[in-house]
Each structure stands twice: as structure tokens, then as C-alpha cells.
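A short write-up of the structure that comes next.
All of the numbers you see were taken from the coordinates with simple rules; none came from a lab. Note that the structure is predicted; figures quoted are calculated from it, not measured. As a convention, Cβ positions derive from the backbone with ideal geometry for all residues, glycine included, and neighbour counts pool all protein chains shown.
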């Protein structure tokens, strides 16, 4: 069983246009998951979200998309995954199309992207939330209080779930157990949140 430490990297920022950008990733040896499909990562992530939140957030699939529900209330609604492939990468994009935690004027803005980027030596697995306008921020120019509120609620939960998911996925695929080295990477022209 491999014993090396795996690094999970991330940044989570508020961009100048008032949208949130959250990006988490890890790099595995190419032999770690040669048959891994991005569609499998989406399904595993949504199942992990339910488990990690003790069933409080329940991803509900239907013909129109996926609703992340809390007590039957749709927190965030996503379109069904749109998968694209090229020689080195596969992406599954879930576009945000509504929900209680999305600013009303930005319901059709934002996406959750799962990616597998491969080279002969390694696989890079990424989860990226981009152009998301959370209700807790209130506007494109949120107050300090609203930033703090978002940080201690949605931002912290999203970061925790995503990093724990990547650690679990790594462990499942490679047998590498904790500790995992979690490294924060800054993003230029954006405010940490």
C-alpha cells in the first residue's frame, strides 16, 4: 500500500464582480485510477454530500436536473451534467439554474465543474464552483457582515465537504490514507472568502 502523503490544494475567493470562485484539486499517479470516469465522480460527490451532511442536504435527481434539498426545500438547483471530452481532459458541467441560496437576479449564472485532466504520468482531479452568486452575499458589493455570514456558513461547508470528498476519493482509488496535506493557493485579483 502506498504511504506517501497526498496534497489537496484549494482556493475560495470572492471575485470583483461579486461572484464566488471555489476550486479544489489533487494530483494522483496515472496508475491510481486508470478507468475513472468524470460521471462517476459526480455521482460519488453527490452521494458523499448527502452522507457528509447526515442526510440534511439531499441531492434529488429528476428529468430536469438535480436539486440540492434541505428539508425538501431546493437550496441550489443544477442542470443535469453536460460532459465534454478532449485528448487530455474530461469535464462534467452542472450549470446553476435556481434555488433558495442563489441571488434572484443571478439564478442562471454559475456552474459546478468536475474534471479529470490526464497526462501519461498523472491524473488531476478538480472540483470548481465558478460565477456563483450566493444569496447570503446579497449583491455584487456585499457588506463585511454578509461576507462573514457566507464564510461561516456556505463557504465553510462547501470547502469542508469538497476537501473531505477528494481525500476519500484518493483513499478509495489508491489506498493512500491520511494524512492529507491541504494547501491554500492564493488567486490574484480576488478576496479570500
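What the table below lists for this structure:
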read-out: FRET efficiency, 1/(1 + (r/R0)^6) with R0 35 Å, evaluated for residue 39 and residue 71 via beta carbons; value: 0.80
read-out: 222 nm mean residue ellipticity, helices alone, for the chain (DSSP H n ≥ 4; -39,500 (n - 2.57); rounded to 500); value: -7000 deg cm²/dmol
read-out: Two-site label geometry, residue 53 and residue 146: point separation in nm, points 7 Å out along Cα→Cβ; value: 2.2
read-out: Answer label for Rg/Rh (Cα atoms, Kirkwood Rh) (calculated), chosen among [x] 0.96; [y] 1.01; [z] 1.04; value: [x]
read-out: Length-normalised contact order of segment 6-192 in % [C-alpha pairs under 8 Å, at least 6 apart]; value: 29
read-out: Distance between modelled label sites at residue 87 and residue 30, nm, 7 Å Cα→Cβ extension; value: 1.3
read-out: Residues residue 139 and residue 182, FRET efficiency given R0 of 22 Å [Cβ-Cβ distance, rounded to 0.05]; value: 0.10
read-out: Contour minus Cα-Cα distance for residue 108 and residue 157 (0.36 nm per residue); value: 15.4 nm
read-out: Protection proxy ranking of 50-63, 119-132 - average other beta-carbon atoms within 10 Å, highest first; value: 119-132, 50-63
read-out: Length-normalised contact order of segment 1-109 in % [C-alpha pairs under 8 Å, at least 6 apart]; value: 14
